[in-house]
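Novice: This structure is in structure tokens; I'll ask about it shortly.
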Amino acid sequence: MIEIGAHVDLSHPSDRVWLALTDRELLGRWFAEADMVEGVPDRLLVHTADLPGFDADVEVEVTERQVPELLALRCDEAGRLSELTCTVTATREGSRLAVREVPTHGAWSDEQRDAREQQLRQALTVRLPAILDWLAFQQVDLRRGEAGLTTELPVIAATGPVRRRRRRAVVAGLVGVVLAAGTAAWLTLPGEPDQVATPTSSPTPTTPEPSLVEAAATSGQPKATPSVRPSRTATPTSARPTRTPSAKPSPTPTPTGPPPPPPLVARYDTASSRLFGYTGEVVVDNPGPAPVEQWVVVVTLAEGSSVDDVDGADSSRDGQALTFTGEALPAGGSRTIRFDVRDSRPKAREPEGCTVGGNPCAGF
């Protein structure tokens, strides 16, 4: 038996999701247009003939309804019968919608099933959230200073100012340039000159050294200035040692092995956006001559946002950090990661940051 299933986490209450499932006008906006079947209650004709994975329009009959948690339908697509179940479960952030379709008479080919499931996932994760955002916006009283909100949006606004990571990246880049310049200057500074022995005018006296008072009293006599340590033997000027470049080792470090491979590079782009969310895309490239077995991309989301769907990599979430990993990236190869974000900021179009291997992604 081939079945189709998909689910999505939504930042909206169950009753609003239920309305999007049962209102014909709203259903036509995020899935397909529908008409009432004349003379038959609880029956619709959904115009799906032009959608991927569908062969004809689907006649739908409601078999079970538990507001706002369960909607069960019997579907007839030109003689192919199936049962479709929509389950709405309340969550801490809003609600979860799970859709499952099981054929009861006839079957889909593998190609039809894949296209049909992809169409369903696209509708649930992209178009339905946009319609719910629009519906929530219609229920907001913009004159909130006079009468407050007519209904509360089920999202949590950010409690502090949104900090842009691109400024941090610029500051970090300037600091790196200063440090690099300082390091280069330090590497090229000349060393201290070697001390050259100064020839004395007379052999070193063998008598005890005079005190400072005695030296002052006899300063008129031509005597060599005594030294704290024994002086060297007088050397003629012509035999004076000269400084050569080999007197001190070169400060330039000698390479001990092959240079490290170039790091992975990544670029972020917002593929699409909506009222309370967007679809992000990160393209990871390996410019090096060897494959990279382990790689990590970290996207920093805004506080209060959630992720509905991820394609192209394995993902995990820890607070605001969304981490992507995957299979080895071959030399010269690339990997595209797409993810749908539900963001509490009305005009949000990108996350707060993106790194690959600890280095900032381009595009910010």
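Novice: Can we say residue 50 is over 24 Å from residue 10 (Cα atoms) and surrounded by 14 or more Cβ atoms within 10 Å (Cβ to Cβ)?
Specialist: So residue 50 fails the test.
Novice: For the stretch 27-46, enumerate the residues that are farther than 19 Å from residue 72 by Cβ and in contact with a helix residue (DSSP H, G or I) (Cβ under 6 Å, 6 or more places away or on another chain).
Specialist: 29, 30
Novice: Something else now. Are any residues in the stretch 271-285 at pLDDT 95 or above and in contact with a Gly (Cβ under 8 Å, 6 or more places away or on another chain), and if so, which ones?
Specialist: Across the stretch 271-285, the qualifying residue is only 285.
Novice: Checking the structure you have, find out if any residue of the stretch 235-253 is in a loop (DSSP other than H, G, I, E, B), of a type in the set (Gly, Ala, Ser) and either farther than 19 Å from residue 362 by Cβ or at pLDDT below 85 (or both).
Specialist: yes
Novice: Cβ-Cβ below 6 Å, separation at least six or inter-chain, first residue in the stretch 42-64 and under 15 Å from residue 84 (Cβ atoms), second part of a loop (DSSP other than H, G, I, E, B) and among the aromatic types (Phe, Trp, Tyr): which pairs?
Specialist: Short answer, once both residue conditions are applied: 48/54.
Novice: Let me ask you something else. Restricted to the stretch 266-298, and to residues that are within 30 Å of residue 136 (Cβ to Cβ), among the hydrophobic types (A, V, I, L, M, F, W, C) and part of a strand (DSSP E or B), which residue is most open to solvent (accessible area, probe 1.4 Å)? Don't jump to the end; show me each part of the working.
Specialist: Step one: list which residues in the stretch 266-298 are within 30 Å of residue 136 (Cβ to Cβ), which gives 268-282.
Then drop every residue that is not among the hydrophobic types (A, V, I, L, M, F, W, C), which leaves 271, 275-276, 282.
Still in the running and part of a strand (DSSP E or B): 271, 282.
Working: 271: 51, 282: 0 Å².
Taking the candidates together, the pick is 271.
Novice: Now, a different point. Is one or more of the residues making up the stretch 139-158 at pLDDT 90 or above and within 30 Å of residue 352 (Cβ to Cβ)?
Specialist: No; the residues of the stretch 139-158 include none that is at pLDDT 90 or above and within 30 Å of residue 352 (Cβ to Cβ).
Novice: Let me ask something else. Across the stretch 338-357, what is the number of residues that are touching a residue at least 24 places away in the same chain (Cβ under 8 Å), surrounded by fewer than 18 Cβ atoms within 10 Å (Cβ to Cβ) and not in a strand (DSSP E or B)?
Specialist: The total comes to 4.
Novice: Additional query: Sort out which residues of the stretch 311-337 are under 13 Å from the mean Cα position of the chain (by Cα), in a strand (DSSP E or B) and surrounded by 16 or more Cβ atoms within 10 Å (Cβ to Cβ), and write them in order of number.
Specialist: Once the filter is applied, which keeps residues that are under 13 Å from the mean Cα position of the chain (by Cα), in a strand (DSSP E or B) and surrounded by 16 or more Cβ atoms within 10 Å (Cβ to Cβ), the stretch 311-337 yields 315, 322, 324, 337.
The values are calculated or read from the model by the stated rules, or taken from the named source; none is laboratory data. Quick caveat, the model's predicted, so the values are computed rather than measured. Counting neighbours? That spans all protein chains shown, and the Cβs are built from the backbone with ideal geometry, glycine included. Just the protein is used for accessible areas: all its heavy atoms, side chains included, with ligands, DNA and RNA removed. Shrake-Rupley method; radii C 1.70, N 1.55, O 1.52, S 1.80 Å.
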